[in-house]
Amino acid sequence: MSIRRMLALALRIVRQFLRDRRTLALLFVAPLLVMTLLNFVLNSSSSGATLGVVPPDGAVGDVIMGQLTSQLSGQNGLSVITVARDQVDAALKAGDADGVLIFPASLAELGTGQSVQLRLDGSNPTAAQQLRALVAQLVARLGAATVPGGANPAAPSQPAAVPVAPPPLDLSYLYGGPEYTQTDALAPLFVGLFAFFFVFLLTSVSFLRERAQGTIERLMVSPLSRAELVMGYVLGFTLFALLQSLIILLFVVYVLHVHYAGNLGLLFLVTLALTIGAVNMGIFASAFARNELQVIQFIPLLIVPQILLGGLFFPVKTLPIILKQLAYVFPLTYANFALKDVMLKGFGVGDVWPNLVFLVGFALAMILLAAFTLRQERV
């Protein structure tokens, strides 16, 4: 074993890296950017649930709302907001609350068979489970803290009208139900992620090989126009990308038996728009890479931020304002919104069309950029 030969080989590799400034920049700068972004996301976002409360009418309701806010706010990331009695479903649909605790208009009604109601969003099983357990404890304490003929804790000057036994708690769901699991909540997000990530990787590496082998140059001098060239490659790559997306979607629904409420055709349409954008983004990115290693190095810059900010691990609404605005630039964010709304909430085209329009616009923009890179190479 010759140390001299080993050192010579090591020196050769070092010189190769030193000549490739792009690789050096991505090698040292990209991890720092990702870690900085992750630091902001972890320290600034909250994964806790939001509990809306419809308090009783009058001064008693103000007292109860103040007590609930002081006791619960900040507990396991939980936040408490007030919701109007006629705006319960609207608050859940808008994502302002994960569940709403509804008191009767008067606490005295609890002694006449009226119940406390908990209306849950249901599309986030983790938040629903957290709120169910928390509200059950609250209702139990509400019954234990009051005795007949004693003082009402909400209004000490009035006799208590609430019985010793905890009042009944009625559960209802706007979407989903108690059978929904966290797998059901994450499945649509991973469908979008896998379609986007693997299609981008496949296309960028494959198109890079086409460039390296000189195939693009030979096609440039053929009768094919630039538009025909781009669309031919797009159709070819998209075919396999769509097959992959279809297999993933069918596997999730029919093999893993993930619950879904919406139309599978609409799910596939959303995935199609995302996939076409990913195909052309891969073609565009390949123009700035000279080998497969440089293509892989684009992942921390183009893919990882979308994973962190697109709602896969942290709700977009909980992100700091700057990161939230950045998240609304990424196509994966809109795909996650649409896939989750269709799969878990049963939304139709009329509900998710803004997300679909953004994905189609992103795909068209990527097609134009891909055509521009071919023009540059021709020159």
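The values are calculated or read from the model by the stated rules, or taken from the named source; none is laboratory data. None of these values were measured; they are calculated from a predicted model. Positions of Cβ are backbone-derived with ideal geometry, glycine not excepted, and every protein chain shown enters the neighbour counts.
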Checklist entry - Does at least one position in segment 156-169 carry a residue that is modelled with pLDDT of 80 or more and among the aliphatic types (A, V, I, L, M)? => result yes
Next on the checklist: For segment 166-218, which positions are among the basic types (Lys, Arg), loosely packed, with under 15 Cβ neighbours inside 10 Å and under 28 Å from Ser245 (Cα atoms)?
Outcome noted: Arg209
Item to check | Subset of segment 209-255 [touching a Gly at 6+ places or on another chain (Cβ under 8 Å) and more than 26 Å from Ala195 (Cβ to Cβ)] | outcome: Leu224
Checklist entry - Somewhere in segment 342-355, is a residue among the hydrophobic types (A, V, I, L, M, F, W, C) and free of Cβ contacts under 8 Å to residues at least 24 places away in the same chain? => result yes
Item to check | Condition met for Phe268 (modelled with pLDDT of 85 or more and surrounded by fewer than 21 Cβ atoms within 10 Å (Cβ to Cβ)) | outcome: yes
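A quick yes/no check of all residues on (1) out of contact with any Gly (no Cβ under 7 Å at 6 or more places or on another chain); (2) β-branched (Val, Ile, Thr):
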position: Leu274; (1), (2): no, no
position: Ile296; (1), (2): yes, yes
position: Leu302; (1), (2): yes, no
position: Gln306; (1), (2): yes, no
position: Phe313; (1), (2): yes, no
position: Thr318; (1), (2): yes, yes
Checklist outcome for this item: Among the residues of segment 219-230, the number that are surrounded by 16 or more Cβ atoms within 10 Å (Cβ to Cβ) and without any contact (Cβ under 8 Å) to a residue 60 or more places away in the chain is 1
Next on the checklist: I'd like to verify a number: residues in segment 319-350 that are touching a Leu at 6+ places or on another chain (Cβ under 9 Å) and surrounded by 18 or more Cβ atoms within 10 Å (Cβ to Cβ), how many?
Outcome noted: 17
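Considering Leu256, Leu249, Leu235, which residue is closer than 30 Å to Ala287 by Cα and out of contact with any Cys (no Cβ under 9 Å at 6 or more places or on another chain)?
None of the other options fit; the residue is Leu235.
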Checklist entry - If we scan segment 79-101, do we find a residue that is in a helix (DSSP H, G or I), at pLDDT below 85 and crowded, with 16+ Cβ neighbours inside 10 Å? => result no
